[in-house]
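Asker: Sharing a structure here in structure tokens format.
What follows draws every value from the coordinates through simple rules; no lab data is involved. These figures come from a predicted structure and were not determined experimentally. Methodologically, a virtual Cβ is constructed for each residue, glycine included, from the backbone with ideal geometry; neighbour enumeration extends over all protein chains shown.
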Amino acid sequence: AEEMLIRSEKMSVAGQLAAGVAHEIRNPLTSLKGFVHLLQSGIEQKSDYYKIMVDEIEKIETITSELLFISKPMTDEKSKVSLSEMLSDVVTLLRSQATIYNIQINIKMEKDVILYCDKTQMKQVLINLIKNAVEEMGNGGTIQVIVSSEEKHVFISIVDEGPGIPDDILHKLKEPFFTTKKDGTGLGLMISNKIVENHNGAIDMMNNRDIGSTFRIRLPIDG
Ligand code: ADP
Ligand code: MG
């Protein structure tokens, strides 16, 4: 039994993913099948059923498109990218969604840093983390994106004013399919972590002293 335990702990990321995908996609499929049977039986309120069916199909679509993104081989598409440019692109992209919820996004950065990275992937990481912050905050508040650098590393902290991270789930956040949201996929942090690790960096997560949490990306400056 102990041996099996060790083996399952060491189950590859691909294995964990495959198991998760099978599970996550089976649920909406089972539900879709049920509704098709109901419709076949000539039930009345069709439009309600169509709405639920479309929701289920969309869930499968989201999961598969997020998975396709990570299954792409890590091609060497690294180039020199200005962090301040990347951050303002990402914040511009997210600002309209944030404004709907009365949320401000501020960038604090004293001097620009040039990163050697895959720009599309690194933007995806920033989008995932800032989007999570927006989603946790509900209505109103400020998200700070704070950049600081040392000789060899840059730190990008996303500081939110949400409810923070309960201690008992902290270790699960980067697991595939772990989500506390009704419409979450639980893939964002897993993918972000993988991308940052592939760039020889790390993501730390912590609760703030007062309110909210901080997700801090550390990246080497020399690529
Ligand atoms: P999703 O956003 O689809 O739920 P993620 O992988 O992006 O998936 O996040 C996983 C979980 O981590 C979230 O459901 C939430 O419980 C937690 N989490 C992520 N970001 C934050 C945050 N800024 N504050 C508190 N909890 C967070
Ligand atoms: Mg997310």
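For (1) closer than 18 Å to Asn193 by Cβ; (2) more than 16 Å from ligand 1 (Cβ to nearest atom), each residue gets a yes or a no:
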| residue | (1), (2) |
| --- | --- |
| Gln121 | yes, no |
| Lys131 | yes, no |
| Met137 | no, no |
| Glu150 | no, yes |
| Ile158 | yes, no |
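Asker: Within segment 190-199, is even one residue within 26 Å of His23 (Cβ to Cβ), of a type in the set (S, T, N, Q) and buried (at least 16 other Cβ atoms within 10 Å of the Cβ)?
Answerer: Yes, that holds for at least one residue.
Asker: If we keep just the residues of segment 184-211 that are more than 23 Å from Ser79 (Cα to Cα) and part of a helix (DSSP H, G or I), which is farthest from ligand 1 (Cβ to nearest atom)?
Answerer: The qualifying residue farthest from ligand 1 (Cβ to nearest atom) is Met190.
Asker: So Leu126 passes all but one of these: (1) surrounded by fewer than 17 Cβ atoms within 10 Å (Cβ to Cβ); (2) in contact with a helix residue (DSSP H, G or I) (Cβ under 6 Å, 6 or more places away or on another chain); (3) of a type outside the set (S, T, N, Q). Which condition number does it fail?
Answerer: (1)
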